[in-house]
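Structure first, commentary second.
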Amino acid sequence: MWKVSWRGLLAHKARFVLTALAVLLGVMFITATYVLTDTTNVGFQRLFSTVNAGVDLQVRAVDPIGGSTDGPGDSRPAIPAAVLDLARSTEGVAEAEGLVFRPGVSIVGADGEVVQQLGRPVFAVNYVDQLDLTPYSIREGRAPERPDEVLLDSNSVEDGDLTVGGPVDVIFPTDAGRQTFTIAGVLSFGDQEDFSGAQVAMLETSRAQEVFEAVDEFDFVAIAVEPRADIQAVKRTLASSLPPDIEVLTGEQVTNEQVAQLDQFIGIFGWVLRGFGFVGMFVAAFIIVNTFTIVVSQRVRELALLRALGASPRQIVGAVLAESALIGITASAAGIGVGYILGSFIQTLLAKIGFDPGGGIDPVLDIRTVVVGLSIGIGVTMLAAVVPAIRAARTRPLAAVREVEAVTAVLNWTRITSGFVAALAGIAALLWGAQAGTRTGLLAAAGGALVLLLGTVALGPLLARPAAVLLGGPVAAISGINGRLARANVARNPRRTAITASALMIGLAIAMAVMVLTASVIRSIDSLIDESIAADLTISDSGPGGFTTALRNDLRDVAEIGGATAVRYGDRVLVEGKGTEVSAIEPDAVDQLLRLDTEGFAPDVFANGGALVSAELADERGWQVGDVLEGTFPKNALASIPIAGTFRVQGFMNDIVVSIETYEDLYKEQQDFFVLASAAPGVELDALRLAVEQRIGDRYPNVDVKDREELKDQQRQQAMIFLAVFVGLMLLTLFISILGILNTLALSVIERTREIGLLRAVGSHRRQIAFMVEWEAMIVALLGGVLGSGIGVVLGLALTRALQDFQVTELASPWQGVIGLLVVAAVSGLFAALYPAWRASRLDVLRAIATD
Amino acid sequence: MTMPTQTVAARAVGATKIYGRGDTEVVALGGVDVEFGAGQFTAIMGPSGSGKSTLLHCIAGLDRLTSGQVFIGEIEISSLSERELTEVRRDRLGFVFQAYNLVPTLTAYENITLPASLAGRSIDGEWVDRVVGAVGLASRLSHRPTELSGGQQQRVAVARALANRPSVIFADEPTGNLDSKASSEILRFLRNAVDELGQTIVMVTHDPASAAFADRVVFLSDGAIVDSLTDPTVDSIAQRVRSLEQ
């Protein structure tokens, strides 16, 4: 039977090309994401090994929060300088250096603008004699000899148009603010010039400590052991002489830890990307079902002959499945190859725009990638072929001698009933899950969405006929007989129509859901800003980070300002045993600049180490105003915080809000994320803005001043970028479903060769035939569009409701999106039909008539 | 409606059709000259491979000659563009094929009026009614082809051919798939169309009984016209066929 499969495939290879292409595309996408993330991983691994090369041991504070280490600048306290002396005097230690390592710095270029590379971190570090213990080496110039000297990385020097020996301003996210230095030299990173685009400013140690308010402190101590010393033994000796809140790790452990953190991040990123690949494969499955069903029905005589000659139904199933396996293998293998090339290509593109974690590493094709690609490609193809294979096996031997009529499928009521039940159950789960607002609820909602989609797919054949009549009505009215024929063709095989439309529906439904969500988010942002912020101006970093606390001080004597506050956000901490995030504001802001809607607010308590707690959190944990909360914080390991009131409108605040002064006692790092300001009585907004910009404009090129509308615009823009990226990735699915329409139509055209020949014989122009096919595609696509946008709106609304806890409070009207989607669907249909329409119009009249 | 019999409705001059090239060259038609008189019912006969279907297809504008000319009335169709040829088929010719004559998604009535619909012409209801009445389909107009018997389907095809008031109707083995009762019904309709409406019909058949309904029979063998009979009978045709096969 293998021979039969192979021959069958060869004989009909044209019919399977598009099926294979659909599988290929899905596998390609999945492979490309793996290649991309694997290569990035290997790149970072190499990078971190370089960074930690030469470091045998590292000493640092134990993370008091535990498990929330977010890479550099995490919530570990600094360690006292005495630890360095202790390390140096430990037996077996050859060299030890205390290192300062802080993010959030801005380097000002010659043009007065901040030198920054696309959201890349900028670090401040200290110079040490044993540079071997750091990833840096001096490429040009010399070590800093005075506190006002600095070494910079080559990117900063080149992009900032700076020169060695010349001046440079560095802005620190601390009280130090903007400071001027002389450039003493240029740094490189191990054997590479570039630290994956990261920027660094290296200061003399005492200056670094002073700037970060860490006098006589280090962030960690790096150690090299004696050439013949046992690292583990030195580690044990050292650890035994250190207090329990300070730990010792080997260089390897540090590297592994850093790699693991990054793995996790890249892993999540990779899975999100791959999600699009899986949706694409899901859609491809529909194409496979259709192709095999059509091909099986076209080969009914051949199959019947096989049956008559003694092939068992099992053998027929085997033959069809073997065909699908062959397609799956070929297509997945090709998909892995093309995916590898695509992944490498994207890697090159990323390197061009400066993101080059690979650092010249060859793209990585892991064995796991090949296994996943092959199993998904072959698995999906074979699974989708199961039903057509069973149908093929049911061919009666007598069918060989009967005239084969064009298939007119009968509605399967079991299928339709279960589809109906599934759709209802899906909607119920969706609605319940959405309003539950819990994790279980979200899962239920997601499950409900999937069940709803599948239910609609099952209901498709029932919907196909009425849809053909409804959607085809105007078409028939516009284009006369071609439209009528098109409409009739859509209704002719409801199952086939439904499957084709479903493929399109899935992609469009997901896109629609995200559009509704984005629109809702945008509207929520607007009202969030209006409801929670009373201030006229917002000052924020132009990048994603925070900025110097000095800026707030510089604004203190601006007469036009009526009230202002800094806003800080802290890393996750433990409060009463649970992870929570804390914000900080100035006490006066509670009533003036924010609209927190407080209850039981005691300003004195708040100003003296107290906290405001969101009403929601207080309710959840059963806290009362006046209770004292125990928390573990980075700086002051254990702190007691009395509750100074609750607030209802959370807005941009975290669940717990403390005063800036309290925050400074609790957290190691101090930087502002916002400064909010309101005009003094009688001062116009423009005057306020001018005054603020004059005071800080030149000094802090890293910050932007925005009024309320600009703030909304900025937030909206971020939502739109998210939407654009998402929709861009959904194009894969759209493309695969277009292939589906193309494939089904092309096969239908072959199936209707005689009918088309007849139409041509009695006087249809080629153009009329082409129009007929185009109209047919458009009706099918619109059916997909209508179903897709309908389900998408429901999904989007549910999603929006489910995210109410995340401050998505407004529901946006999706009409524009729906219209846009229908246009996309119609255009996709027309586009997909180009080739089949051309094929149909070119059919040789005589051959069409003569086909037996 | 009756036209003078000496008028020629369609003719072929030096019609040559060659398939393939070189060693595989097959001459299907070797320079055939033939005329079909207006208002006449002509049957084309000949053994398998004699070129009778090729001749019909070429004269009917479904296929193109390798060389030679075909005239429908005064129009020389071999030089027409694909588009013009389609319009000639649509507006001036009628077709009845052996099988698969009807578009399965259209009703009988829609099939009958299909050429007019394709042309975007308004339908001459009175004429269509008359044709439909003549073939006895009045009660079946809203049925789809699958709901009709083979004979009924062929009657719809005849009605479609007539509804267009074509210069010539080309019929390619129109009764090939029918039992003898349905066959003679169809042939009688064709005969009546010639007698009562003055319709010109050219029919390819291999069955002497069918050919006997025609006014004239043309015999084809190896791509050439070898004989013809006027006012034929079943016996006289059968005799010629036998002599041709020897």
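Structure values in brief
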read-out: Region A:302-328 residues that are open to solvent by less than 50 Å² (accessible area, probe 1.4 Å), paired with ones that are of a type in the set (D, E, K, R) (beta carbon under 8 Å, 6 or more apart); value: A:Ala304/A:Arg396; A:Ile316/A:Arg307
read-out: Out of A:Ala53, A:Ala20, A:Ala14, sole residue that is among the small types (Gly, Ala, Ser) and at pLDDT 85 or above; value: A:Ala20
read-out: Test result for B:Thr42, over 29 Å from B:Phe213 (Cβ atoms) and open to solvent by less than 10 Å² (accessible area, probe 1.4 Å); value: no
read-out: Test: residue in region B:151-159 that is under 22 Å from B:Gly46 (Cβ atoms) and either part of a loop (DSSP other than H, G, I, E, B) or under 15 Å from the mean Cα position of the chain (by Cα) (or both); value: no
read-out: Tabulated pairs, region B:63-90, first at the interface with chain A (Cβ under 9 Å from one of its Cβ atoms), second open to solvent by 30 Å² or more (accessible area, probe 1.4 Å) and part of a strand (DSSP E or B), C-beta under 8 angstrom, 6+ apart or interchain; value: B:Val88/B:Ile75
read-out: Whichever residue in region A:476-493 is touching a residue at least 24 places away in the same chain (Cβ under 8 Å) and surrounded by fewer than 23 Cβ atoms within 10 Å (Cβ to Cβ) and, among such residues, is nearest to the other protein chains (Cβ to nearest Cβ); value: A:Arg492
read-out: For B:Ala99: the one exception among (1) open to solvent by less than 10 Å² (accessible area, probe 1.4 Å); (2) part of a loop (DSSP other than H, G, I, E, B); (3) at the interface with chain A (Cβ under 9 Å from one of its Cβ atoms); value: (1)
read-out: Flag for A:Gly270 being under 26 Å from A:Gly373 (Cβ atoms) and open to solvent by 20 Å² or more (accessible area, probe 1.4 Å); value: no
read-out: Of all residues in region B:112-128 being at the interface with chain A (Cβ under 8 Å from one of its Cβ atoms) and out of contact with any His (no Cβ under 9 Å at 6 or more places or on another chain), the one that is nearest to B:Cys58 (Cα to Cα); value: B:Pro115
read-out: Residue list for region B:73-96, filter: of a type in the set (Asp, Glu) and in a strand (DSSP E or B); value: B:Glu76
read-out: A:Pro173 vs. criteria open to solvent by 30 Å² or more (accessible area, probe 1.4 Å) and in contact (Cβ under 8 Å) with a residue 12 or more places away in the chain; value: no
read-out: Single residue of region A:152-170 satisfying the filter (in a loop (DSSP other than H, G, I, E, B) and open to solvent by 40 Å² or more (accessible area, probe 1.4 Å)) that is farthest from A:Arg142 (Cα to Cα); value: A:Asp161
read-out: Filter result for the condition that a residue is aliphatic (A, V, I, L, M) and modelled with pLDDT of 85 or more, over A:Leu309, A:Leu305, A:Leu321; value: A:Leu321
read-out: Selection status of A:Asp698, modelled with pLDDT of 85 or more, open to solvent by 20 Å² or more (accessible area, probe 1.4 Å) and either outside any loop (DSSP other than H, G, I, E, B) or not polar (S, T, N, Q) (or both); value: no
read-out: Some residue of region A:679-686 being on the phi > 0 side of the Ramachandran plot, free of Cβ contacts under 8 Å to residues at least 12 places away in the same chain, in the same structural domain as A:Leu551 (by TED's automatic domain parsing) and open to solvent by 20 Å² or more (accessible area, probe 1.4 Å); value: yes
read-out: All strands (runs of 3 or more DSSP E) inside region A:540-632 with 1 or more residues being without any contact (Cβ under 8 Å) to a residue 60 or more places away in the chain and open to solvent by 70 Å² or more (accessible area, probe 1.4 Å); value: A:578-580, A:628-632
read-out: Residues (modelled with pLDDT under 85, over 25 Å from the mean Cα position of the chain (by Cα) and either of a type in the set (Lys, Arg) or within 21 Å of A:Ala687 (Cα to Cα) (or both)) located in region A:701-720; value: A:Pro701
read-out: Unmet requirement for A:Asp713, which otherwise passes all of (1) open to solvent by 50 Å² or more (accessible area, probe 1.4 Å); (2) of a type outside the set (Ser, Thr, Tyr); (3) touching a residue at least 40 places away in the same chain (Cβ under 8 Å); value: (3)
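Okay, residues lined up against (1) more than 13 Å from every other protein chain (Cβ to nearest Cβ); (2) at pLDDT 85 or above; (3) over 27 Å from A:Gly277 (Cα atoms); (4) open to solvent by 10 Å² or more (accessible area, probe 1.4 Å):
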| residue | (1), (2), (3), (4) |
| --- | --- |
| A:Phe735 | yes, yes, no, yes |
| A:Gly740 | yes, yes, no, no |
| A:Ala746 | yes, yes, no, yes |
| A:Glu751 | no, no, yes, yes |
| A:Leu759 | no, yes, yes, no |
| A:Phe771 | no, yes, yes, yes |
| A:Val780 | yes, yes, no, yes |
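Okay, residues lined up against (1) open to solvent by 20 Å² or more (accessible area, probe 1.4 Å); (2) within 12 Å of another protein chain (Cβ to nearest Cβ); (3) touching a residue at least 24 places away in the same chain (Cβ under 8 Å); (4) outside any helix (DSSP H, G or I):
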{"residue": "B:Glu110", "(1), (2), (3), (4)": "yes, yes, no, no"}
{"residue": "B:Arg130", "(1), (2), (3), (4)": "yes, no, no, no"}
{"residue": "B:Ala134", "(1), (2), (3), (4)": "yes, no, yes, no"}
{"residue": "B:Arg165", "(1), (2), (3), (4)": "yes, no, yes, yes"}
{"residue": "B:Leu178", "(1), (2), (3), (4)": "yes, no, yes, yes"}
{"residue": "B:Arg188", "(1), (2), (3), (4)": "yes, no, yes, no"}
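The values are calculated or read from the model by the stated rules, or taken from the named source; none is laboratory data. Remember, predicted model here, so these are calculated numbers, not experimental data. Virtual Cβ from ideal backbone geometry, glycine too; neighbours counted across all protein chains shown. For the accessible areas, the whole protein counts, side chains as well, though only heavy atoms, and no ligand, DNA or RNA atoms are used. Shrake-Rupley method; radii C 1.70, N 1.55, O 1.52, S 1.80 Å.
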